[in-house]
Amino acid sequence: MSQQIDHLLNEDRRFAPRPEFAENAVAGPGIYDAAKADRLGFWAEQSRELLHWHKPFTNVLDWTSPPFAKWFDDGQLNVAYNCLDRHVEAGNGDRVAIHFEGEPGDSRSITYAELTDEVKRVANVLQSFGVGQGDRVAIYLPMIPEAIASLLAVARLGAAHSVVFGGFSADSLRARIDDAGAKVVITADGGYRKGKPSALKPAVDQALSDRGEGEQATVEKVLVVKRTEQDVEWTEGRDVWWNDVVPDASADHEAEAFDAENPLFILYTSGTTGKPKGILHTSGGYLTQAAFTHRNVFDLHPESDVYWCTADIGWITGHSYVAYGPLANGATQVLYEGTPDFPNPGRWWDVIEKYGVTIFYTAPTAVRSFMKQGREIPQQRDLSSLRLLGSVGEPINPEAWMWFRDVIGGSVSPVVDTWWQTETGAIMISALPGVTETKPGSAQVAMPGISIDVVDEKGEAVGNDAGGLLVVTEPWPSMLRGIWGDPDRFVETYWKMFQDKGYYFAGDGARLDEDGDIWLLGRVDDVMNVSGHRLSTAEIESSLVAHEATAEAAVVGANDETTGQAVVAFVILKESFLKEHSAEGLANTLRTWVGEQIGPIARPRDVYIVGELPKTRSGKIMRRLLRDVAEGREVGDTQTLADTAVMSVISAQVR
Ligand code: PRX
C-alpha cells in the first residue's frame with residue numbers, strides 16, 4: 001500500500017515574530033546556517049557553551065556501530081552539578097529554582113542554593129543505602145519538590161533513575177521495578193489530587209510483595225516522603241522516612257565526574273503490543289540537547305522569566321522540561337502538584353497570575369478541555385505576564401492553537417508546537433519564536449542540528465506538498481541509546497524499516513507543505529483508507545474542532561462494505577452549545593461541515609456526540625478503542641486508560 005497520505009485541509013494564517021520579541025530573542029536567524037555548515041561542530045559548541053565538563057570531550061559522535069550511538073564519549077561530567085552547584089558557584093544561589101504550589105494551597109519557594117543542599121543530603125542518604133554508579137533507583141512520587149531532588153540525587157551519584165508515573169497501578173510499578181532491577185524505591189505516603197489525599201505507598205508495598213518462585217525482589221530500601229500524613233504500613237529494616245533522615249544528613253557532597261555515556265535514566269513507554277519498553281538515555285548528549293532546546297525554543301532569559309511546564313515528572317516532558325532542561329539553564333519555574341480544575345476550573349490561571357508566569361508549556365488535550373469550558377474562565381484572570389506558549393504531545397489543531405494564542409496569550413504570545421518523543425529525549429521539530437513565521441497547527445521545522453525528512457515506504461523523500469512517514473535521518477545528541485535489556489527490540493522497533501538508509505522511523509505520519517514546513521498527521525497505525533485515499537486522523541479532527549460547537553474530536557476508520565473504511569467521529573461539544581442544541585442536529589451539521597471544509601471523501605459516516613474520550617494517562621486519545629466501538633466489537637484492553645470507566649459510557653452512548 002502506498003504510504004502517501006492525502007492532504008485536504010488548508011490553513012493560511014501566518015504570524016511573523018514581533019520585532020520587539022525578535023530583538024531580544026535567544027535564537028537569531030543565523031542559527032540554522034551555523035548548524036548546517038558544520039552539524040557536529042555546532043553540537044560540540046552548544047555542549048561546551050551550555051554545560052560544564054569536568055573533563056572536556058574531544059570526540060563528538062561515534063556512529064561506527066549504528067544504531068548504537070555515542071556522543072562526546074571521551075568527556076566526563078556530572079549532570080546534577082550542571083543543574084545545581086555551578087549556578088550557586090556563579091553567584092545565583094539566591095535565585096528561585098522552584099515555586100512549588102501544592103494542590104491544597106500550600107506553597108514554598110526554593111532557591112538554587114537550597115535545592116543544591118537538599119540534593120546533596122539526599123545523595124548522602126542514598127549513598128548510605130549503597131546506591132552508586134551502575135545502580136537503578138525507582139521513583140514513584142507526586143509532583144512535589146522532593147521528586148526533582150530525587151532525580152538529581154540519583155544522577156549525582158552516577159546511578160540511573162526509573163520514574164514511574166504516580167497514576168500507574170501496583171502491577172505496572174512491579175513490572176517496571178523488576179525490569180530495571182531497582183535497588184531502592186523513593187515514594188511518598190501520597191499526594192493530593194482533586195482535593196483528596198491519594199495514597200502511593202500501598203502500591204509500592206503491593207509491588208514488592210508476594211513474589212513467585214524464582215522471582216527475586218531487588219529492592220533493599222524504600223525511602224518515603226511524608227506529604228499527606230496518611231497512615232501507611234511499614235516494613236522494618238526496609239522502609240525509611242525521608243523526613244527522618246534527609247534533614248539530618250550532611251549537605252557536603254562532592255559531585256564526581258562520570259562518562260558522557262553513563263546511563264542517566266530509564267523511562268518506560270508502552271508499545272503497541274507486549275511489555276513496556278524501557279527507553280534508555282545517557283548523560284552528556286541528553287543534557288546538551290535538553291538544555292539547548294529549552295533555551296532556544298522557549299527563548300529562556302533565566303534572570304527574568306518564570307517558566308511553567310505542566311507535565312508530570314513521570315513523563316519524558318517532565319524529565320527534559322521540568323527537571324533537566326530548566327535546571328541546567330538556571331531557570332525559575334513553577335511546580336504544581338494537582339489537577340487543573342481544583343478547587344475551581346480556573347486553578348491553572350490562578351497559578352499563572354500568582355507567580356507571573358511568562359513561559360507556559362502544556363498539551364493540546366488541556367487546551368481543548370479549557371475550550372470546552374469556555375473563555376470566560378481564563379478571562380477572569382490577569383494573564384498578561386505570559387509572553388510565550390508551547391504545546392506538546394499530540395497534533396494541536398489550528399483552532400486550538402488559535403484559541404491558545406488569543407485567549408491565553410492575549411493575541412500576542414507566539415505559540416510553539418514542539419514535536420518529539422520519549423525516544424528522542426528532547427525537542428526535534430519546532431518553530432523558534434523570534435525567527436519563525438508561525439502557522440497554526442504546524443510543528444514547522446527541524447531544530448538546528450537535527451535532520452528530519454518525510455519519506456515513502458522505500459525511504460525516498462516525498463518532497464514538498466506531499467505526505468508520508470516521518471524519519472530522523474542523522475543521529476542526534478539526546479537520542480535513545482537502546483531499550484533496557486533488549487537490544488534486538490531496539491533495532492527491530494525503530495531502525496529495521498529503513499535499515500539500509502540508517503533512518504530512525506518515529507511511527508508518525510507527516511506532510512511537508514509547499515514551504516517545506518512539517519505538519520504531523522498522527523500515528524501511522526491510525527491512518528484511514530477511505531475509497532483508496534489515505535486520510536489522516538489529525539486533519540479531520542482539526543476540521544471538526546474548527547466548528548464553533550466542537551471542543552474536542554477523535555476520528556477513526558471503521559470497516560465499511562463500500563468504501564473499505566469509513567470515517568467515524570466522536571465529538572465532545574462545548575458546554576455552551578450543549579445547552580442550546582440537540583445532539584442529533586449537531587451531528588448532522590458536523591458531517592456537512594467536514595464535507596464542505598475538506599471534501600466529501602472525508603465526510604464522517606457517523607458522528608457520535610460523547611461526553612468524554614478515552615485517553616492514556618498522559619492525555620493521548622486511544623483511537624484503537626474507539627475503532628472497536630465503531631466496528632461494533634467488544635472493546636479491547638483498557639489497562640492503559642486513565643479512566644477505565646470511560647469506554648462503557650461511550651459504548652452506551654453510541655448504542
Ligand atoms: O505521535 C507523536 C506524538 O506523541 C508521540 C510521542 O509520545 P511520547 O513518547 O509520550 O512523548 C510525548 C512528549 C514528547 C509522537 O510519536 N506527539 C508528540 N508531540 C507532538 C506529537 N504529535 C503531533 N505534534 C506534536 N507536537
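Give the long-range amide H neighbours of Leu141: residues separated by 5 or more places, or on another chain, with amide H under 5 Å away, using H modelled in the peptide plane at 1.01 Å from N.
So Leu141 has HN proximity to Val164, Gly166.
Which shape class applies to segment 1-74: rounded if a/c is under 1.5, otherwise prolate when a/b exceeds b/c and oblate if not, where a ≥ b ≥ c are the square roots of the Cα gyration tensor eigenvalues?
oblate
Using a 1.4 Å probe and ignoring any ligands, DNA or RNA, find the accessible area of Asp252 and quote it in Å² to the nearest 10.
Estimated to the nearest 10 Å², Asp252 gives 120 Å².
List the lysines whose alpha-carbon lies under 22 Å from that of Lys196, not counting same-chain residues fewer than 8 positions away?
Of all the lysines, those that pass the test against Lys196 - Cα under 22 Å, at least 8 places apart if same chain - are Lys226.
Kindly report the accessible area of the chain per residue (heavy atoms of protein chains, probe 1.4 Å, no ligands, DNA or RNA), in Å².
Heavy-atom accessible area per residue stands at 37 Å².
Calculate the dipole size of the chain relative to its Cα centre from +1 charges on Lys and Arg beta carbons and -1 charges on Asp and Glu beta carbons; express the result in debye to the nearest 20.
That gives a dipole near 520 debye.
Compute the distribution of all C-alpha to C-alpha distances in segment 539-585, in bins of 10 Å from 0, and list the percent of pairs in each, rounded to whole numbers.
26, 44, 25, 6
Which percent, to the nearest 5, of DSSP beta bridges fully inside segment 530-654 are antiparallel?
80
Explain nothing, just compute: Karplus ³J(HN,Hα) = 6.51 cos²θ - 1.76 cosθ + 1.60, θ = phi - 60°, for every residue of segment 230-239 in order, whole Hz, x for Gly and Pro.
Whole-Hz 3J(HN,Hα) from phi for segment 230-239: 6, 5, 10, 7, 10, 9, 4, x, 9, 8.
What residues qualify as long-range amide H neighbours of Ser198, i.e. H under 5 Å apart, gap of 5 or more or another chain, H built at 1.01 Å from N?
Excluding prolines and chain starts, which carry no amide H, the hits are Gly191, Tyr192, Arg193.
Answer with one residue from Gln421, Ile396, Gln379: the one whose Cα lies farthest towards the positive end of the charge dipole of segment 370-423, charges on Cβ with Lys, Arg +1 and Asp, Glu -1.
Result: Gln379, furthest along the dipole toward the positive end.
If you take every DSSP beta bridge whose two residues both sit in the chain, what share of them, in percent to the nearest 5, is antiparallel?
Taking every DSSP beta bridge within the chain, about 60 percent pair in antiparallel fashion.
Could you name the aspartates and glutamates whose alpha carbon sits less than 16 Å from that of Lys574, not counting residues in the same chain fewer than 8 places away?
Glu376, Glu399, Glu541, Glu548, Glu552, Glu584, Glu612
Evaluate the charge dipole of segment 486-538 about its Cα centre and quote only its size in Debye, nearest 20, assuming +1 on the Cβ of each Lys and Arg and -1 on the Cβ of each Asp and Glu.
Computed about the Cα centre, the dipole is about 180 debye.
Averaging over all projection directions, find the projected area of the Cα convex hull of segment 259-371 and quote it in nm² with one decimal place.
8.7
Report, ordered by chain and residue number, the aspartates and glutamates lying within cross-link reach of Lys70, taken as a straight Cα distance under 16 Å and ignoring same-chain residues fewer than 8 apart.
Candidates past the 8-residue exclusion: Asp62, Asp259, Glu261, Glu423, Glu474.
Anything over 26 Å Cα to Cα? Flag those among Lys194/Lys439; Lys183/Lys277; Lys221/Lys615; Lys194/Lys615, in the order listed.
Table pairs above 26 Å Cα-Cα are Lys194/Lys439; Lys221/Lys615.
Along the charge dipole of the chain, pointing to its positive end and built from +1/-1 on Cβ of Lys, Arg, Asp and Glu, which listed residue (Asn588, Ala155, Gly449) has its Cα farthest out?
In the chain, that residue is Asn588.
May I ask for the equivalent-ellipsoid semi-axes of segment 148-194, computed as the square root of five times each C-alpha gyration tensor eigenvalue and listed largest first in whole Å?
Here the semi-axes work out to 20, 16, 7 Å.
Rank-order 584-595, 623-634, 255-266, 18-29 by packing density, defined as the average count of other C-beta atoms within 10 Å over each peptide's residues, highest first.
Taking the mean over residues of other Cβ atoms within 10 Å, the ranking is 255-266, 623-634, 584-595, 18-29.
Quick one: if you take sqrt(5λ) for each eigenvalue of the C-alpha gyration tensor of the chain, what semi-axes come out, biggest first, whole angstrom?
Each semi-axis is the square root of five times an eigenvalue, giving 38, 29, 26 Å.
Where q = 0.11, 0.23, 0.28 Å⁻¹, what log10 of I(q)/I(0) comes from the Debye formula for segment 448-515, counting one point per Cα?
Summing over Cα pairs of segment 448-515 leads to -0.28, -1.01, -1.28.
Would you mind calculating the relative contact order of the chain from Cα pairs under 8 angstrom and at least 6 residues apart, reporting the percent as a whole number?
14
In Å and from the alpha-carbon atoms only, list the Rg and Dmax of segment 530-654.
Radius of gyration, then largest Cα-Cα span, for segment 530-654: 13.9, 39 Å.
Taking H as built 1.01 Å from N, whose amide H comes closer than 5 Å to the amide H of Ile452, not counting residues under 5 places away?
So Ile452 has HN proximity to Thr473.
Students often get this wrong, so check it: of Lys501/Lys620; Lys55/Lys501; Lys372/Lys620, which have C-alpha atoms separated by over 25 Å?
Lys501/Lys620; Lys55/Lys501
Mind putting a number on the dipole of segment 426-551 about its Cα centre? Charges go on the C-beta only, +1 for Lys and Arg and -1 for Asp and Glu, and I need it in Debye to the nearest 20.
Around 340 debye, computed over segment 426-551.
Mind checking segment 479-573 for GluC sites (Glu not before Pro) that DSSP puts in a loop (not H, G, I, E or B) and that have at most 13 other Cβ atoms within 10 Å?
Passing sites in segment 479-573 are Glu514, Glu548, Glu561.
May I ask you to list, by number, the DSSP H helices of the chain whose Cα span along the axis is at least 20 Å and whose average Kyte-Doolittle hydropathy reaches -0.5 or more?
Helix filter hits for the chain: 112-128, 583-597.
As a test of the formula, what do you get for the chain when each DSSP H run with n ≥ 4 contributes -39,500 (n - 2.57) and the sum is divided by the residue count, at 222 nm and rounded to the nearest 500 deg cm²/dmol?
About -8000 deg cm²/dmol.
How many percent of the accessible area of the chain is carbon or sulfur, using a 1.4 Å probe?
46
Each residue of segment 376-381 in turn: what ³J(HN,Hα) in whole Hz from Karplus with 6.51, -1.76, 1.60 and θ = phi - 60°, glycine and Pro shown as x?
4, 5, x, 5, 7, 10
Return the Rg/Rh ratio of segment 371-440 with Cα-based radii and a Kirkwood Rh.
We get a ratio of 1.00 for segment 371-440.
Using a 1.4 angstrom probe on the protein heavy atoms only, could you order Leu469, Leu61 from most to least accessible area?
Largest to smallest exposure gives the sequence Leu61, Leu469.
The values are calculated or read from the model by the stated rules, or taken from the named source; none is laboratory data. Remember, it's a predicted structure, so these values are computed and weren't measured experimentally. No Cβ is skipped: glycine too gets one built from the backbone with ideal geometry, and neighbour counts run over all protein chains shown. Each accessible area value is taken on the protein alone, full model and side chains, heavy atoms only, with ligands, DNA and RNA left out. Shrake-Rupley method; radii C 1.70, N 1.55, O 1.52, S 1.80 Å.
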